[in-house]
Amino acid sequence: MPTYEFKVEMTCEGCSGAVTRILTKKLGADANFNVDLAAQKVTITSDLSQDELTEMLKKSGKAVTYIGVQ
């Protein structure tokens, strides 16, 4: 499975918590992702497409930029 990296404009723990809640809800409790508030990066290992993951992250209300595949 590919690991995708995104820049998500998160300024506080509330922001990163919102991203975590959305990913857990959409991908399930066993989802493989990491939210790095300090670096404002989110990495997700998934079979879903980059477009699907981008749309998911945008539901947090934060600006999302796709960086690439790790």
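Beta carbons closer than 6 Å, at least 6 apart along the sequence or on distinct chains, pair a first residue in segment 59-70 that is over 21 Å from LYS25 (Cβ atoms) and of a type outside the set (Ser, Thr, Tyr) with a second that is open to solvent by 80 Å² or more (accessible area, probe 1.4 Å) and outside any loop (DSSP other than H, G, I, E, B) for ILE67/LYS7. On the stretch given as segment 34-47, residues that are open to solvent by 30 Å² or more (accessible area, probe 1.4 Å) and either touching a Gly at 6+ places or on another chain (Cβ under 6 Å) or not in a strand (DSSP E or B) (or both) total 5. Determine which single condition LYS58 fails, assuming it passes every other condition in (1) open to solvent by less than 80 Å² (accessible area, probe 1.4 Å); (2) more than 14 Å from PRO2 (Cβ to Cβ); (3) of a type outside the set (Ser, Thr, Tyr). Every condition holds for LYS58 apart from (1).
For segment 15-33, does any single residue satisfy the condition of being open to solvent by less than 20 Å² (accessible area, probe 1.4 Å) and closer than 14 Å to MET1 by Cα? So far as segment 15-33 goes, no, none of its residues is open to solvent by less than 20 Å² (accessible area, probe 1.4 Å) and closer than 14 Å to MET1 by Cα. Could you tell me whether segment 14-32 includes any residue that is out of contact with any helix residue (DSSP H, G or I) (no Cβ under 9 Å at 6 or more places or on another chain) and part of a strand (DSSP E or B)? So far as segment 14-32 goes, yes, one or more of its residues are out of contact with any helix residue (DSSP H, G or I) (no Cβ under 9 Å at 6 or more places or on another chain) and part of a strand (DSSP E or B). SER60: at negative phi, in a loop (DSSP other than H, G, I, E, B), within 11 Å of the chain's Cα centre (by Cα) and not aliphatic (A, V, I, L, M), yes or no? Answer is yes for this residue.
The values are calculated or read from the model by the stated rules, or taken from the named source; none is laboratory data. Because the structure is predicted, anything quoted here is derived from the model rather than measured. Neighbour counts run over all protein chains shown; Cβ positions are idealised from the backbone, glycine included. Side chains are part of the model used for accessible areas, which takes the heavy atoms of the whole protein and leaves out ligands, DNA and RNA. Shrake-Rupley method; radii C 1.70, N 1.55, O 1.52, S 1.80 Å.
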